[in-house]
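Everything on this sheet refers to the single structure shown next.
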Amino acid sequence: MGARNAIAVIGAGDAPEDLCATAREVGRAIARNRAVLVCGGRGGVMEAAAEGARTAGGHTIGILPSYNRASANAYIEFAIATGMGEARNAIVVASADAVIALPGEAGTLSEIGLALKIGRPVVAIGAWHEIAGVRQAADAESAVALAFQLAGIALADETRND
């Protein structure tokens, strides 16, 4: 048995509720399709996506910037305390088969750059149109479907025999 597929979700650490709602939908879609959600483990988009995944029965991994595992949000199932600060962004994207990027700031931009550099597909919702190599999706469901497709992962609905 191999490792489970993983999708990283990146975006603003201090996000407005409408953005958090989209992140929750992304997390739910990842969980429904039997992949693990990887994120930075803190607040905003990260917390909302993890909440969506956990409420849908999925698994979550938070790659934390500090040595303090207790700094993870309440929806992180497996907290990885790196002590690496923002350098942990490389671990977030390298640990995933694909990356879904929501609006954010410099930290999100660095994760996008690192993902593209190491060959991870990046799908954005509502942002990052100007970055070559970033694919666009209109909503959470289509972003997850495209991320799975670009990573060569079959959606759970495509693999079910019921």
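The values are calculated or read from the model by the stated rules, or taken from the named source; none is laboratory data. The shown structure was predicted, so the numbers you read here are calculated from the model rather than taken from an experiment. Neighbour counts run over all protein chains shown; Cβ positions are idealised from the backbone, glycine included. The area values use the complete protein model at the heavy-atom level, side chains included, leaving out ligands, DNA and RNA. Shrake-Rupley method; radii C 1.70, N 1.55, O 1.52, S 1.80 Å.
Quick notes on this structure:
- The calculated 222 nm mean residue ellipticity attributable to helices in the chain amounts to -11500 deg cm²/dmol, summing -39500 (n - 2.57) over DSSP H runs of n ≥ 4 and dividing by all residues.
- Ordering of 63-69, 150-156 by packing is 63-69, 150-156, highest average first (other Cβ atoms within 10 Å, averaged per residue).
- Carbon plus sulfur fraction of accessible area for segment 9-162, probe 1.4 Å, in percent: 51 percent
- Heavy-atom accessible area per residue - the chain, 1.4 Å, Å²: 47 Å²
- Rounded Å value of the spacing that divides the Cα centres of segment 121-136 and segment 1-46: 16 Å
- In this structure the amide hydrogen of Asn5, modeled in the peptide plane, comes within under 5 Å of the amide hydrogens of Val36, none closer than 5 places in sequence on its chain.
- Calculated P(r) tail over 29 Å for the chain, as whole % of Cα pairs: 8 percent
- Remark: spin-label model distance Ser142-Ile118 equals 2.9 nm, labels positioned 7 Å along the Cα→Cβ axis.
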